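Every read-out reported here was derived from the displayed coordinates using simple, explicitly stated rules and does not represent laboratory data. All figures in this text were calculated on a predicted structure; none of them were measured in a lab. Don't worry about glycine lacking a Cβ; one is built from the backbone with ideal geometry, like all the others, and counts go over all protein chains shown.
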Amino acid sequence: MHTPITLEALPGSDGGLPDAVDVVVVGGGIAGASALWHLAAAGVDALLLERGRVGGGATAAAVGILSPPVRQPYHEMAHHRGAETAARIWRFALDSVAALGTTLVEAGAGDAAELDLSGGTVLAESHSEHEVRASFEGLRQAGFPVRWMEASEVRAELRGRGFVGGFVVEGLGSIHPGATARALVKDAVKRGGAVREGVAVNAVEGSADGHLCRTDGGDVQARMVVYATHTDSRRFSALLGDEIVPVRGQALSARIVGDPPFHGAYATHWKLNVWRVTPDGRLAMSGWRHDAWDRAYWRTRPQVDPQLQDDLEAWFTEAFPELRLTDVSRWSGIFGWTADFLPMVGPLPGSTSELVISGFSGGGLPFAFGCGEVVAAIVTGAEPSPAAGLFNPRRFV
Ligand SMILES: Cc1cc2nc3c(=O)[nH]c(=O)nc-3n(C[C@H](O)[C@H](O)[C@H](O)COP(=O)(O)OP(=O)(O)OC[C@H]3O[C@@H](n4cnc5c(N)ncnc54)[C@H](O)[C@@H]3O)c2cc1C
């Protein structure tokens, strides 16, 4: 099994294709869903085309953890980019999550999306203590809502072994990724957006009025095109193919035997392992190993890796000896990484009418909704967020 869910078609997603729209969004993961939502909310005539099911790509493989939002530890980012830029990136992610939460609640989809923004915990083990403490200190000094937990407090809360402390980021937590993407698209449709599932875009050609999207359901003319195609973007742009590196991740879901004292969203070793307990009481967990690059890097197809799966499960059962996992289902998915861990959002270099929203480097869930807003701002000529320049694909040219 590669992904954990089988999805029904979204209502209204199987009609014929219009001849022309203002904007075509290609790809219906969390990125494309977020772009469509903001375009529809801004009154743009937008159509999302998804070759499979909305929320069924990498988004379906994700566990749903929102913290820490960026792969690079905060203190390292502040060291490399300056404290102000690091704070701007985190502020963007926190605002993105808050806006996503509000949108899901207003759409009546908070429960379906398993929205939990009660705080995300970043745990420290002895080998990661320095990075977690230094990141906490940087975040605290920058004024972010973080709260340190001493080792004794972590032990009392989690009853786990090997944790030497950690911190909670207030306002973060977890979501069900696929359900969130689908809820956003459903709400976008109510706001005038359109979606078609089971329609692959095979090529995008320049035309007098913009672009002709050649799909296996016919041609659609669009003034602008937004590529939310994640690791399958090479056919549209060599830059995206070269710069969004596929990395294979492993995940599992299991029934927990015992009484887990925790219910929220957790990450160790700055997102090496992440887990949450779903509303039906199951553990959803994913991870990968720093020392297994050769088994993960540039892997374009999901594949369950028994050894990495064993490592993942062993890590959990060693950390929580009072708990046992049964009824385990396993899957694998692909992350699209960029060299600087930040997404690519904005016009493709040399174009003003082809945009990209992709390359979230394992952090698509906290960033995508805010990035969808950036896309809509560019399309409508509004002022995008001040962080948007950091995500411009031009930085890789
Ligand atoms: C095991 C695992 C666990 C993860 N856990 C987390 C987590 O806890 N927290 C977190 O923030 N992130 C997590 N991630 C990362 C997260 O999944 C991604 O950052 C995010 O889902 C990327 O969303 P996306 O919309 O860019 O891509 P996708 O969800 O892959 O969406 C792209 C879509 O484009 C469609 N498409 C592609 N080409 C075409 C075409 N030519 N025509 C039409 N449609 C097309 C695909 O079918 C697909 O549905 C995890 C990833 C994996 C693999």
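So here's what we get for this one:
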| item | result |
| --- | --- |
| Alpha carbon convex hull of segment 269-375, projected area averaged over orientations, nm² | 9.1 nm² |
| Inter-label distance, nm, simple model (7 Å from Cα along the C-beta direction), ALA98/GLU318 | 4.0 nm |
| Choice from ALA181, ALA296, ALA208 showing the highest fluctuation, given a GNM over the chain with Cα pairs closer than 10 Å | ALA208 |
| Segment 129-225: relative contact order as a whole-number percent, Cα under 8 Å and 6+ apart | 15 percent |
| GNM flexibility winner over the chain from ARG71, ARG196, ARG155 (Cα, springs under 10 Å) | ARG155 |
| Distance (nanometres) between label positions extended 7 Å along Cα→Cβ at GLU150 and VAL397 | 5.5 nm |
| Fluctuation leader among ALA113, ALA124, ALA151 - the chain, Gaussian network, Cα springs under 10 angstrom | ALA151 |
| Amide H contacts of ILE334 (H built 1.01 Å from N, under 5 Å, at least 5 apart or other chain) | GLY249 |
| Of GLY57, TRP298, GLY110, farthest towards positive along the dipole that unit charges on Lys, Arg, Asp, Glu beta carbons give the chain | TRP298 |
| Inter-label distance for GLU383 and ALA208, nm, one decimal - labels placed 7 Å from Cα along Cα-to-Cβ | 3.9 nm |
| Dipole axis of segment 1-104 (+1 Lys, Arg; -1 Asp, Glu on Cβ), positive-most option in VAL21, ALA86, GLY43 | ALA86 |
| Length-normalised contact order of segment 11-94 in % [C-alpha pairs under 8 Å, at least 6 apart] | 23 percent |
| Order of CYS371, CYS213 - criterion: other Cβ atoms within 10 Å of each residue's Cβ, fewest first | CYS213, CYS371 |
| Mean Cα-pair separation over length for the chain, i.e. relative contact order, pairs under 8 Å, 6 or more apart, % | 25 percent |
